[in-house]
Each structure stands twice: as C-alpha cells, then as structure tokens.
Amino acid sequence: MLHEGKMATTADRLALARELAEAVNGQPENVPDALPRLAGILAIETNPEVITEAVVALGFAGDHRAVQLILDHVRVDHPNAGVRLAVARALPGGLEPDNPIRDTVIEALITLTADENSDVRDWACHGLGLV
C-alpha cells in the first residue's frame, strides 16, 4: 500500500483511495487502519475524482464511523455530480437504526432527493429506504 508520505500528488491520493477501497471491501478487519487514512485524504483534497474514490471507499467500509467522516468532510451540495452520487450511495452503509447520526444521514439523503442529477436523486431515495 501507498503511504501518506508519498501522497504528494493527486495521482498518489487517487491510487491510495482506490487501494483503501479494495482493502475494506468485505474485509472489516482493515477498516480501523483505513478510516484515518481516508479522513486524511478528504481533509486536504479538492479534486472531485479523488474525493469520489475516498467516499466510495468509506461506503465499502460499512461502518458508522465511515459515514461520520463523509458527513464531516463532504458537502451534500458539492458542485460535482459524481461526488454527490458517491455520497448518496455511501451514506446508508453501516448504520444501525439507533445510531445517533441516523437523523443527520436522513436529512442529507432528503436533500439529495432534490438533486439536479437523476442518478443522485434515485440513489438518495434508495438510501432513505435503507436507513
């Protein structure tokens, strides 16, 4: 895996986000290591492609802490439709019905149901059915 010390370029951060997505997809034992690394990417990233990949990775994590990172770092009204689509797809993952952030996720998904992009709207509606 790439290390943060080598994340100087957008391409490096994109590659790391993709590696972390593979690492957490269906492998919950990798989630604790991946979450702070993905948070580090989102804290500094402005490139929509990298943000999208980091959100996809967080969605694969299936963990409420990953959902919180998305809420903390990515606006639901992000100017890029790909980012908003990734958010709509990722937000329902890993939430238990009694999780304290559930209401915030529902609010975000409701906002996304009015998105200008039909795919974002569809996924937001689907997500509401899951939470």
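The values are calculated or read from the model by the stated rules, or taken from the named source; none is laboratory data. A quick note: this is a predicted structure, and the numbers were derived from the prediction, not measured. Cβ sites come from the backbone with ideal geometry, for glycine too, and all protein chains shown count toward neighbours. To get the accessible areas, we keep the full protein, side chains included, count just its heavy atoms, and leave off ligands, DNA and RNA. Shrake-Rupley method; radii C 1.70, N 1.55, O 1.52, S 1.80 Å.
Observations on the structure shown:
- Positions within segment 91-130 being within 19 Å of ALA61 (Cβ to Cβ), of a type in the set (A, V, I, L, M) and open to solvent by less than 60 Å² (accessible area, probe 1.4 Å), in sequence order: LEU91, LEU95, ILE101, VAL105, ALA108, LEU109
- Residue within segment 56-78 that is more than 10 Å from the chain's Cα centre (by Cα) and closer than 19 Å to LEU14 by Cβ present: yes
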